[in-house]
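The values are calculated or read from the model by the stated rules, or taken from the named source; none is laboratory data. Since we're looking at a predicted model, the values are computed, not measured. Methodologically, a virtual Cβ is constructed for each residue, glycine included, from the backbone with ideal geometry; neighbour enumeration extends over all protein chains shown.
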Amino acid sequence: MRAIQVSAFGSTDNLVVQDISVPVPKADEVLVKVEYASLNFADIMARKGQYRTDSMPFVGGLDFTGIVQPSDSTPQELVGKRVMGFATACQADFVVAKQALVAVVPTDLDVTRVAASPLVACTAIELLERAAKVLPGEKVAIYAASGGVGQILVQLSKRMGMGKILALVGSASKAKRAEDLGASATVIYRGENAHNYSEEVLGETDGVGVDAIFNSIAGWTFDQDSRMLAPFGRSVVYGMASGEPGIIPSNKLHPTSRSIIGYSFSNLRNQRPYEVKPILKRAVDLLQQGIEFQIAEIFKPGDAPAAHALLESGGSQGKILFDFN
């Protein structure tokens, strides 16, 4: 079968399509013929050696959609069903996934929307509810609001009745998408505004700041977060797209009862896999309810270097997919 392999840590030149053996599922796993696998920023970091410590070479990917194949370990009622879910090494023609980490998807849903949803939808649900514990009427700021997770955070925040939704975007061209999805206002946080965008956020909140920040960038953004987070506010960090960790002095937190919270859906998947399926089913519900999952671009496996380059450039809006049909 075809698989997108990382042959060595480093540049996109190390992404190659190889013919490898079809994996064999264990007793608690299913074999899935992959239709589409998504590309996440974790894949960029993994390629660079900043996310995982796999031995070389390794196959990338975290989430997928596809058709369950017959095997000795697969319940008959799952065979032939379309599922979406999580597994390592899913950027390939076939993948094995734990039964606890997949959910059946109705066949009337558009398969590319399904493929775009697992990680971004589950992450957004968890960020709002488990990590930030947002309440109706609160004000939120969302970094990379035109990205995969960001777009879902904007939509769910609107559904949950947030008092103000501030979309932090990298350029003016990305602002309209966030506004169309329900953002109250947009703020450009990169480029010439990188040193003062917290002032804009304070201006949008009558000088009080926001109750929750969803930060997938970290690094230099932490200084700005410390200025725009309201008393009792929560800054939830779920990524490091800047390539640098965020650092904030503790004396900027405890006097105003503010907190920094880390979150990783991959950690939940690894440590508490029994909690994943209910969240996946909620993601399926969101698909059926018509929540929007924007597709930035769909690539063939052989175009993996271009796909990585697009995501890494920050120029994409929505999800990037690999087509394994």
Determine whether segment 288-299 contains at least one residue that is under 30 Å from Asp28 (Cα atoms), part of a helix (DSSP H, G or I) and touching a residue at least 24 places away in the same chain (Cβ under 8 Å).
-> yes
A careful count of residues in segment 1-54 that are of a type in the set (Ser, Thr, Tyr), over 20 Å from Thr112 (Cα atoms) and surrounded by 15 or more Cβ atoms within 10 Å (Cβ to Cβ) gives 2
Just wondering, is there one or more residues in segment 153-163 that are modelled with pLDDT of 95 or more, closer than 19 Å to Ile44 by Cβ and not assigned by TED's automatic domain parsing to the domain that holds Arg47?
-> no
State which residue is modelled with the lowest pLDDT when the search covers only segment 186-235 and only residues that are part of a helix (DSSP H, G or I) and hydrophobic (A, V, I, L, M, F, W, C).
-> Phe222
Take Ile320 and decide whether it is under 25 Å from Glu200 (Cβ atoms) and β-branched (Val, Ile, Thr).
-> no
Output for Cβ contacts, cut-off 7 Å, separation at least six or different chains, first residue loosely packed, with under 14 Cβ neighbours inside 10 Å in segment 68-88, second of a type in the set (A, V, I, L, M, F, W, C) and not in a strand (DSSP E or B), reads Pro70/Val79
Do we have any residue at all in segment 107-118 that's touching a helix residue (DSSP H, G or I) at 6+ places or on another chain (Cβ under 8 Å), farther than 25 Å from Val24 by Cα and surrounded by fewer than 18 Cβ atoms within 10 Å (Cβ to Cβ)?
-> yes
Run Tyr274 past the list (1) surrounded by 18 or more Cβ atoms within 10 Å (Cβ to Cβ); (2) among the aromatic types (Phe, Trp, Tyr); (3) more than 30 Å from Val16 (Cα to Cα) and report the number of the one that doesn't hold.
-> (1)
Please indicate, with yes or no, whether at least one residue in segment 230-243 is of a type in the set (Gly, Ala, Ser), closer than 24 Å to Asn40 by Cα and without any contact (Cβ under 8 Å) to a residue 60 or more places away in the chain.
-> yes
Select from segment 251-269 the residues that are under 16 Å from the mean Cα position of the chain (by Cα) and not in a strand (DSSP E or B) and write down the one among them that is modelled with the lowest pLDDT.
-> Ser266
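Going residue by residue through segment 31-49, is there one that turns out to be of a type outside the set (Phe, Trp, Tyr) and more than 27 Å from Gly239 (Cβ to Cβ)? Steps first, please.
At the first step, the residues of segment 31-49 found to be of a type outside the set (Phe, Trp, Tyr) are 31-35, 37-40, 42-49.
Of the ones still in play, those that are also more than 27 Å from Gly239 (Cβ to Cβ) are 31, 33.
Checked segment 31-49: at least one residue is of a type outside the set (Phe, Trp, Tyr) and more than 27 Å from Gly239 (Cβ to Cβ).
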Of all the strands (runs of 3 or more DSSP E) wholly in segment 12-87, which have at least 1 residues that are small (Gly, Ala, Ser), within 24 Å of the chain's Cα centre (by Cα) and closer than 27 Å to Gln294 by Cβ?
-> 29-39, 63-69, 82-86
Do we find a residue being within 20 Å of the chain's Cα centre (by Cα), surrounded by fewer than 23 Cβ atoms within 10 Å (Cβ to Cβ) and within 22 Å of Tyr51 (Cβ to Cβ) anywhere in segment 161-180?
-> yes
If we ask which residues in segment 118-170 are in a helix (DSSP H, G or I) and acidic (Asp, Glu), their number turns out to be 2
